[in-house]
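Asks: Got a structure for you, written out below as structure tokens; questions coming shortly.
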Amino acid sequence: MLSIVREGPRILVLETDYIGELKKFLEEGFAAKQHELNEAFESTEEGFSLILLTNKASQNDSCDIDDVILVTACDTGTILRAIINEKKSGMIKNVFSGPRIMIMRVFGNVEKVVGKISEEFGAKRLKVLDLLLEFKNKGNVVMFTTKPLNQKMRLIDLYGDGLLIDRDYLALSKKFRIEALKYLNEGLEKMDWYEMEIRIYDRYSAYDYHYEKLIKVLENLELGLVLGEAWTKDYPRMFMAVGVYRLRFFSFHDPEYIKKVLMGLEYSKDGIRIVDYDLYFKRKHIHWSEVIEDNIRARNDLGMRFRAQIYSRLNGRLSKEIAELDEKIMKTRVED
């Protein structure tokens with residue numbers, strides 16, 4: 001799916017005259033690694049922390065790009081607890097917590113989206129580097145990119161300006177996620193979306209695996225945006241109700257293209273159909289016969305053709321993960 005918002009790294013600034021000793025403690029206790037700023041940012045994921053060690057934080061409102069910058073997968077709360085419990089707090093003169101960072105993906109006219117959000121929230125507009133280094137800023141930082149959010153992010157992938165917004169972080173994040181389409185459409189202007197519904201059905205009830213597999217592919221191929229999901233009932237035959245899991249799905253791609261992707265995901269490598277991924281557009285079921293190619297009229301053959309097309313676009317890591325999920329799914333194929 002299209003992720004439009006994700007959390008950036010947490011920033012923790014430690015003012016100390018014992019930079020070397022503190023650096024060693026963090027490296028040994030939290031597998032922290034030193035990087036230059038750009039490399040440090042690229043090394044982070046959601047939940048990671050950037051720790052800046054400096055001996056002059058009290059006198060300045062910002063860190064220096066040459067200060068020691070460490071990256072760790074631990075959260076800042078865990079790090080501070082360890083510093084206190086391990087009796088290392090005596091090495092620290094001051095602790096500063098930088099603004100929380102949010103990264104938003106934008107399509108089309110980035111400047112228009114930045115301007116819209118800036119006006120809507122009365123934000124302060126600053127250069128990205130200043131937003132990262134000026135740790136005494138009050139509020140939350142929003143940065144913008146046109147790159148997929150499920151990949152490593154470099155500073156050069158970010159739009160030159162970001163925003164400092166004086167709002168509660170969780171409320172701001174929730175608003176961005178709820179109003180995702182509004183901000184996407186602001187940049188895309190007149191481009192149309194297709195609103196579809198995907199229904200997952202498996203008589204063996206391996207729904208968790210099928211859901212995970214579907215989401216991984218939608219996200220990796222950036223096919224669209226899931227904006228709602230719930231259990232519901234379907235009626236394959238009169239008076240026969242079956243439970244299905246329904247996803248409300250938005251995409252730039254037409255329903256026929258999405259149908260081909262879903263058909264490809266229905267089959268294992270051995271050509272066994274292991275799930276129903278039914279697609280509806282404007283309440284109409286998109287039937288497999290509507291996406292026939294090269295006069296291939298056998299459903300299995302068509303599905304395996306689409307499967308090969310999909311897998312050719314996945315990276316090696318994800319292909320392996322999908323194969324592992326298929327193996328787990330096959331283990332649930334036990335007849336009563």
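Asks: Identify all residues within region 31-48 that are open to solvent by 30 Å² or more (accessible area, probe 1.4 Å) and in contact (Cβ under 8 Å) with a residue 12 or more places away in the chain; write none if there are none. Can you show your working first?
Replies: Filtering region 31-48 down to residues open to solvent by 30 Å² or more (accessible area, probe 1.4 Å) leaves 31, 33-36, 38-39, 42-43, 45-48.
Matches in region 31-48: ALA31, LYS33, GLN34, HIS35, GLU36, ASN38, GLU42, SER43, GLU45, GLU46, GLY47, PHE48.
Asks: Now a separate question. Restricting the search to region 98-114, which residues are open to solvent by 30 Å² or more (accessible area, probe 1.4 Å) and within 14 Å of ASN185 (Cα to Cα)? Spell out how you get there, then give the answer.
Replies: Initial filter on region 98-114 (open to solvent by 30 Å² or more (accessible area, probe 1.4 Å)): 100, 107-109, 111-112.
Scanning region 98-114 gives PHE107, GLY108, ASN109, GLU111, LYS112.
Asks: Can you tell me how many residues within region 167-191 are charged (D, E, K, R) and touching a residue at least 40 places away in the same chain (Cβ under 8 Å)?
Replies: Taking region 167-191 as the starting set, the residues that turn out to be charged (D, E, K, R) are 167-168, 174-175, 177, 179, 182, 186, 189-190.
Remaining after also requiring touching a residue at least 40 places away in the same chain (Cβ under 8 Å): 167, 177, 186, 189.
Count: 4.
Asks: Quick one: PHE144 ticks every box in (1) touching a residue at least 12 places away in the same chain (Cβ under 8 Å); (2) surrounded by fewer than 18 Cβ atoms within 10 Å (Cβ to Cβ) bar one, so which box is it?
Replies: Failed condition: (2).
Asks: Whether any residue in region 272-279 is assigned to a helix (DSSP H, G or I), surrounded by fewer than 16 Cβ atoms within 10 Å (Cβ to Cβ) and of a type outside the set (S, T, N, Q) is what I want to check.
Replies: We begin by selecting, within region 272-279, every residue assigned to a helix (DSSP H, G or I); these are none.
No, every residue in region 272-279 fails to be assigned to a helix (DSSP H, G or I), surrounded by fewer than 16 Cβ atoms within 10 Å (Cβ to Cβ) and of a type outside the set (S, T, N, Q).
Asks: Next question, about the same structure. For region 205-230, name all the residues that are over 13 Å from PHE249 (Cβ atoms), assigned to a helix (DSSP H, G or I) and either among the charged types (D, E, K, R) or open to solvent by 20 Å² or more (accessible area, probe 1.4 Å) (or both).
Replies: TYR207, ASP208, TYR209, GLU212, LYS213, LYS216, ASN220
Asks: Scan region 283-300 and tell me whether some residue there is of a type outside the set (Gly, Ala, Ser), open to solvent by less than 60 Å² (accessible area, probe 1.4 Å) and in contact (Cβ under 8 Å) with a residue 40 or more places away in the chain. Talk me through it step by step, then tell me what you get.
Replies: Of all residues in region 283-300, those of a type outside the set (Gly, Ala, Ser) come to 283-288, 290-297, 299-300.
Keeping just the survivors that are open to solvent by less than 60 Å² (accessible area, probe 1.4 Å) gives 286, 288, 291-293, 296, 299.
Then keep just the ones that are in contact (Cβ under 8 Å) with a residue 40 or more places away in the chain; that gives none.
Within region 283-300, not a single residue is of a type outside the set (Gly, Ala, Ser), open to solvent by less than 60 Å² (accessible area, probe 1.4 Å) and in contact (Cβ under 8 Å) with a residue 40 or more places away in the chain.
Asks: Right, next: Just to be sure before I move on: is MET153 assigned to a loop (DSSP other than H, G, I, E, B), within 19 Å of the chain's Cα centre (by Cα) and buried (at least 18 other Cβ atoms within 10 Å of the Cβ) in the structure I sent?
Replies: Details: assigned to a loop (DSSP other than H, G, I, E, B): yes; within 19 Å of the chain's Cα centre (by Cα): yes; buried (at least 18 other Cβ atoms within 10 Å of the Cβ): yes.
In short, yes.
Asks: Every residue in region 156-191 that is buried (at least 18 other Cβ atoms within 10 Å of the Cβ) and closer than 21 Å to PHE249 by Cα, please.
Replies: Within region 156-191, SER173, ALA180, TYR183, LEU184, GLU186, GLY187, LEU188 qualify.
Asks: Can we say GLU111 is among the acidic types (Asp, Glu) and either part of a loop (DSSP other than H, G, I, E, B) or farther than 23 Å from GLU134 by Cβ (or both)? Explain how you work it out, then say what you get.
Replies: Details: among the acidic types (Asp, Glu): yes; either part of a loop (DSSP other than H, G, I, E, B) or farther than 23 Å from GLU134 by Cβ (or both): no.
When the stated conditions are applied, GLU111 does not pass them.
Asks: Read through the list (1) under 21 Å from the mean Cα position of the chain (by Cα); (2) surrounded by fewer than 18 Cβ atoms within 10 Å (Cβ to Cβ), then give the number of the only condition that VAL95 fails.
Replies: The one condition VAL95 does not meet is (1).
Asks: Within region 17-33, is even one residue part of a loop (DSSP other than H, G, I, E, B), acidic (Asp, Glu) and over 20 Å from LYS93 (Cα atoms)? Reasoning before the result, please.
Replies: Our first condition is that a residue be part of a loop (DSSP other than H, G, I, E, B); within region 17-33, this holds for 17-18, 31-32.
Those still in the list that are acidic (Asp, Glu) too: 17.
Those left that are additionally over 20 Å from LYS93 (Cα atoms): none.
Checked against the condition, which is being part of a loop (DSSP other than H, G, I, E, B), acidic (Asp, Glu) and over 20 Å from LYS93 (Cα atoms), region 17-33 yields no hits at all.
The values are calculated or read from the model by the stated rules, or taken from the named source; none is laboratory data. Just so you know, these numbers come straight off a predicted model, no measurement behind them. Counting neighbours? That spans all protein chains shown, and the Cβs are built from the backbone with ideal geometry, glycine included. With ligands, DNA and RNA removed, areas are computed over all heavy atoms of the protein, side chains included. Shrake-Rupley method; radii C 1.70, N 1.55, O 1.52, S 1.80 Å.
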